[in-house]
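Heads up: the structure comes next, in structure tokens.
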């Protein structure tokens, strides 16, 4: 059996063309069917075609040494979003790449502040991710008031 030589790696302009070709197949479509209410902070449906999905584990309001950032809800939400941004950036993504969030809160009374901070964080996005918010009895540390996990989509490499 005759071995094939490996194809030369693309460099320079050829590499750009290959990237453009793979990017053109990547598509994310956000929609809100007219039969459902029109949410301001999220999309009911997000469809991803031709990309790679990134799953970010639930982030809590703690630093790299697992120290609680604050007992204040607004500050905890800010720390969680900062942690999500760090995780997303580590794989070349950002908030604009989020297609789904799952939010865990420990009290229904937190919803107002949570929505306010989330809307501020996502205000500049062209499209909002799909979103689910769940009220839970507690999290891994009783001082954590929330945890957020996300799924992001980026073009295939």
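Readers should treat all values here as calculations from the given coordinates under stated rules, not as data from a laboratory. Keep in mind that this is a model prediction, so the values were computed, not measured. Cβ atoms come from the backbone with ideal geometry, glycine included; neighbour counts cover every protein chain shown.
Remarks
- Mean Cβ count within 10 Å, highest first, over the residues of peptides 131-142, 93-104: 93-104, 131-142
- Of all DSSP beta bridges in the range 43-155, antiparallel share, percent nearest 5: 70 percent
- Fewest-first sequence of 26, 122 by Cβ atoms within 10 Å of each Cβ: 26, 122
- Net length gained if the chain between residue 124 and residue 29 were fully extended (0.36 nm per residue, minus Cα distance): 32.5 nm
- Efficiency of FRET from Cβ geometry, residue 74 and residue 134, R₀ 22 Å, rounded to 0.05: 0.65
- Cα-based shape type of the range 50-157, given that a ≥ b ≥ c are square roots of the gyration tensor eigenvalues and the cut on a/c is 1.5: prolate
- Stretch gain in nm, segment residue 116-residue 143, where the contour uses 0.36 nm per residue and the Cα spacing is subtracted: 7.6 nm
- The simple spin-label model puts a point 7 Å past each Cα toward its Cβ; for residue 53 and residue 36 those points are separated by 1.6 nm.
- With contacts taken as Cα pairs under 8 Å and at least 6 residues apart, the range 43-155 reaches a relative contact order of 45 percent.
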